[in-house]
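Peer 1: Below is one structure. I have some questions about it.
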Amino acid sequence: MRSVLQDLRYAVRVLAKKPGFSVIAILTLALGIGANAAIFSVVYGILLRPLPYPEPQQLMAVQWGRGATIAHNDLTGVEVKFLQEQLRQQRSGAVESMAVKTDFAPVNLIFGGSAQSVPSLKVSSRYFHVLGVQPQIGNGLGPEQDQPGAPAEVVLSHSLWVNAFAENPNVLGRTIDVNGQEYTVTGVMPSTFESYPAAAVYLPFHLNELDENYVGTNYTTIVRVKSGSTRDQAQAQMEGLSTEFRREYANMDSHRGKFGFLLTDYRESLMQRSETSARDLFILQIAVGFVLLIACTNLASLLFARGSGRSHEISVRIALGASRSRILRMLLIEDLLLACAGGVIALLLSLAAVPLLIAASPVELPRTSDIHVSGAVVLFTLGAVIVATLLFGIAPALRLFLQNRTNLVEGAKSVTASRGQALAGRVLMVAQTSIALVLLAGATLMFRSFLKMVAVPPGFATQRLLTFQVPLTDSRYQTVAKTEQFADSVVAKLKTLPGVEAASYVNTMPFVRGVNDYVVPHARKDIQVNFATEVRAVTPGYFRTLRSPILEGHGISESDTATSSPVVVINKTLADLWWPKQNPVGESVDTGGRAKQVIGVSADLHESSLDQAPSPMIVVPLTQVGDHSIAYINRLFPASFLIHTKTNVDLAKRIREVVHSVDPELPVENIRPMEEVIDVTLAGPRFFGSLFGAFAGFALLLTAIGIYGLLSYLVNQKVREIGVRMALGASRRQVLEVFLRQALLISSLGIVIGVLGAIGLTRFLRAFLFEVRPSDPAALVLAAVLLAITALVAAFVPALRATRVNPVVALRYE
């Protein structure tokens, strides 16, 4: 132990004597390890951290699928009702209890004379029991809450209780106003409780007549498997229920497929419904791992160069009797000290970077409350420190140790690097260059993909198109008549605003998640429909506001009322599916239990994102939507309004005045241009591309530093050779070309190897790419040219310094 402490004190003195080298090495490692720790914090928090509930491995999500195929993450009202009734009867099965949640949405909360918008979650009475968490105070939701007509109860989150009610324990029994309805507070959850998604209030969920017959997959179902029972046993129970369900509801097979109730680990199901997949996170982790690998090869090159200056010291130590293990340990302790210092700074960087990463992410990350620098991240950082030490330290240490042991005299006399050392430095730089090219090729592919994506026409005019939303969750807007009256009044007043050319209502605007339903062509037994069709309820003038053409027939008009014949406009995608090379105007489709005549075919609109093909879609008059359907739509989605203006004018204030003149109690949200709405859908590809580009940029910078350092080292070691060449008549240009040629050779070898690696590895980026192949030649050429230019620029300064060597001074030392 005394000798280890001696080596440690000596390592501190050695590193202190070379502060420039030490600072560069520590910062390089800190950035490389810190980036890995930050990304791992996200990976661990989302994918690996156990859920914060008792026995989380017993929690399962019920989905609709078979084997590894998941048709739907959530269930329909019919399926939820069936499961509730069957599991209530099967007390001896492997499933202990079941809960349902749905309708994550902001609600207007009024208490004490003040109002605020807070996130809500509708849950069944067994929700907290299934998760294994009881309220901190109160009893939560009673079992009667699962039945329609029960007294309205609400459970508060701990943060809302603290911020809004000052932790008043007498809050139980108080009533609060939620969307115009009185709810009685029956519980407050503990501060450690986390729901996914997070909510401030938990409202009762029950199946009413609408929910029981609704075929939309919007109900998240969770079960707890009994302790001592396995997932396989519970799945076997679900398969029996699936058989019974298909027999009882045989008519649903036409659009649900031959699937059944499928159990998935609840933690996995949270990831499945996220915009970010596990594959995306692992690719980022691998990419940032490459950055650390480049940092280690860079540092290894520096240590090789630094080792030549210590040949005399090591030779003397060996001559005085130092053992091989002692020399190796001494060198590795120096390397470990560098890595530990870099690791400490890396943890500090990750503490600051993780919150910034979450805040900057435009995509919805599941379990954000679980993403932080935890003990697992500290252990990961420690492992990265050890791996980095071995990567950048063991090779130079062994090289220096073996050289001096083989020839002590040569080691004592020589102050120049051996050819082996110079070759090793070049090999490291080739490896570093090849890894950098893989990252650079990936970033280039994603950049080209993004450019192609933003160039896709959305199918309508986005210029001077203003949008806003109004939540109609209030109990007053549960019928078509009330919704139509509000929409017509707002649209009529919007049209009178200065600069407004057209205005329209739609239940969900383009590029925002909307309603879908199973639509079939009327009286067509030859067609089996297994896909959902997007449904848009609009007021007259919708297509005129969007500046989207009607290809056949005509659009929704004022004559399409509640008492007129049911009509529908379909988009070109749906027309081509069911009536290829035909004019479908005059045909009929069945939707909502009614046959509706096709009166027009509209151009395709990109309703979800620019990188996805237009979905089949129907447009129906708002007047012809059933009361049950509009009640459900208003409960799930805010009403949207579109305004096409003559010029770019600021109408935000006038829009609020218009809405409040119709209903002063309704909030107006998300007043923004359509370009901004579309830009939100591009934020995910832009964010991941930016991260990948940042990793590639850092790798490119490290490569440039490495080439600069290697050539600077070679110039210093070849001062005498340069002097001889120049004394014999070599020009400065010839000397410059010698070193630039070496840089070009190193980068060329690295580029060739890197291109081969990129062709093999960038295929994992396929999910990130749009209309760009992973082996896209343009991207590979662009990455190679950029890397070659960087290498030449980095090599130019030390090469230029070589041309300024004075032959007389260089030869004087001989």
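The values are calculated or read from the model by the stated rules, or taken from the named source; none is laboratory data. Quick caveat: nothing in here was measured; it's all calculated off a predicted structure. Glycine also receives a Cβ, built like all others from the backbone with ideal geometry; neighbour counts cover every protein chain displayed. The accessibility values were calculated without ligands, DNA or RNA, using every heavy atom of the protein model including side chains. Shrake-Rupley method; radii C 1.70, N 1.55, O 1.52, S 1.80 Å.
Peer 1: Long-range amide H contacts for L551: which residues qualify at under 5 Å (H placed 1.01 Å from N, peptide plane, sequence gap of 5 or more or a different chain)?
Peer 2: Placed amide hydrogens put V601, S602, A603 under 5 Å from L551.
Peer 1: So what is log10(I(q)/I(0)) for the range 1-124 at q = 0.12, 0.19, 0.22, 0.23 1/Å, when the Debye sum runs over its Cα atoms only?
Peer 2: Each listed q corresponds, in turn, to -0.79, -1.24, -1.26, -1.29.
Peer 1: How would Y10, Y477 line up by accessible area, probe 1.4 Å, largest first? Mind dumping the intermediate values first?
Peer 2: Numbers: Y10 45, Y477 20 Å².
Final ranking, largest accessible area leading: Y10, Y477.
Peer 1: Taking the mean number of other Cβ atoms within 10 Å as a proxy for protection, how do you rank 796-803, 15-22, 691-698 from highest to lowest?
Peer 2: Values: 796-803: 18.1, 15-22: 12.6, 691-698: 20.2.
Highest to lowest by the protection proxy: 691-698, 796-803, 15-22.
Peer 1: Straight-line reach from K18: which lysines have Cα under 26 Å away, leaving out those fewer than 8 places along the same chain?
Peer 2: By straight Cα distance, K18 reaches K413, K718.
Peer 1: Here's something else I'd like to know. In whole percent, and with a 1.4 Å probe on the protein chains, what portion of the accessible area of the chain is carbon and sulfur? Please report the intermediate quantities before stating the final value.
Peer 2: Numbers: 20870 of 35760 Å².
Reported share for carbon and sulfur atoms: 58 percent.
Peer 1: Moving to a separate point now. Keeping all protein chains in place and using 1.4 angstrom, which order do C296, C340 fall into by accessible surface area, from largest down? Walk me through the intermediate numbers first.
Peer 2: Values: C296 0, C340 55 Å².
Final ranking, largest accessible area leading: C340, C296.
Peer 1: When the chain is fully extended, how far beyond the present Cα-Cα distance does D488 get from T563, taking 0.36 nm per residue of separation? Let's see the in-between values first.
Peer 2: Details: separation 75, 0.36 × 75 = 27.00 nm, distance 1.71 nm.
Additional length available on full extension: 25.3 nm.
Peer 1: Right, something else. Sequence neighbours fewer than 8 away in the same chain don't count; with that in mind, list the aspartates and glutamates whose C-alpha is under 20 Å from K17.
Peer 2: By straight Cα distance, K17 reaches D7, E313, E334, D335.
Peer 1: Give me the number: length gained by fully extending S117 to T647, i.e. 0.36 nm times residue separation minus the C-alpha to C-alpha distance, one decimal in nm. Walk me through the numbers before you get to the answer.
Peer 2: On the way: separation 530, 0.36 × 530 = 190.80 nm, distance 3.27 nm.
Computed gain between S117 and T647 is 187.5 nm.
Peer 1: With only alpha-carbon atoms in the gyration tensor, what are the semi-axes of the equivalent ellipsoid for the range 671-732, in Å, largest first?
Peer 2: Working: eigenvalues 564, 29, 7 Å².
Over the Cα atoms of the range 671-732, the ellipsoid semi-axes are 53, 12, 6 Å.
Peer 1: Next question, about the same structure. Return the Rg/Rh value of the range 625-778, two decimal places, where both radii are evaluated on C-alpha atoms and Rh is the Kirkwood radius.
Peer 2: Working: Rg = 30.6 Å, Rh = 22.9 Å.
Result: Rg/Rh = 1.34.
Peer 1: Sticking with this one: Excluding residues fewer than 8 places away in the same chain, name every one of the aspartates and glutamates whose C-alpha is closer than 13 Å to that of K101.
Peer 2: Output for K101: D74, D146, D211.
Peer 1: Relative contact order of the chain, please, whole-number percent, based on alpha carbon pairs below 8 angstrom and at least 6 residues apart.
Peer 2: Values: 1416 pairs, mean separation 128.0, N = 814.
Computed over the chain, the figure is 16 percent.
Peer 1: May I ask you to give the solvent-accessible area per residue for the chain, in square angstrom, as obtained with a 1.4 angstrom probe?
Peer 2: Values: 35760 Å² over 814 residues.
Value for the chain: 44 Å² per residue.
Peer 1: Summarise the long-distance tail of P(r) for the range 604-674 by giving the % of C-alpha pairs beyond 22 Å.
Peer 2: 45
Peer 1: Moving to a separate point now. I need the phi-derived Karplus couplings for the range 636-647: 6.51 cos²θ - 1.76 cosθ + 1.60, θ = phi - 60°, integer Hz, Gly and Pro marked x.
Peer 2: 9, 10, x, 5, 10, 10, 10, 10, 9, 10, 6, 9
Peer 1: Which log10 I(q)/I(0) values does the range 602-641 give at q = 0.21, 0.24, 0.29, 0.30 Å⁻¹ under the Debye formula, counting every alpha carbon as one identical point scatterer?
Peer 2: Log-scaled intensity ratios, in q order: -0.87, -0.97, -1.02, -1.03.
Peer 1: Quick one: of K81/K596; K452/K572; K452/K495; K258/K452; K122/K258; K122/K596, which pairs are farther than 32 Å apart, Cα to Cα? Numbers along the way, then the final one.
Peer 2: Values: K81/K596 30 Å; K452/K572 23 Å; K452/K495 36 Å; K258/K452 38 Å; K122/K258 30 Å; K122/K596 34 Å.
Beyond 32 Å: K452/K495; K258/K452; K122/K596.
Peer 1: Between R246 and H660, 0.36 nm times their residue separation minus their Cα-Cα distance comes to what? Intermediate results must be reported in sequence, preceding the final value.
Peer 2: Working: separation 414, 0.36 × 414 = 149.04 nm, distance 4.90 nm.
Full extension from R246 to H660 adds 144.1 nm.
Peer 1: Ranked highest first by the average count of other Cβ atoms within 10 Å around their residues, in what order do 131-143, 163-175, 461-473, 652-664 fall? Can you show the working numbers first?
Peer 2: Details: 131-143: 17.8, 163-175: 13.3, 461-473: 19.9, 652-664: 14.8.
Averaged packing, sorted descending, gives the order 461-473, 131-143, 652-664, 163-175.
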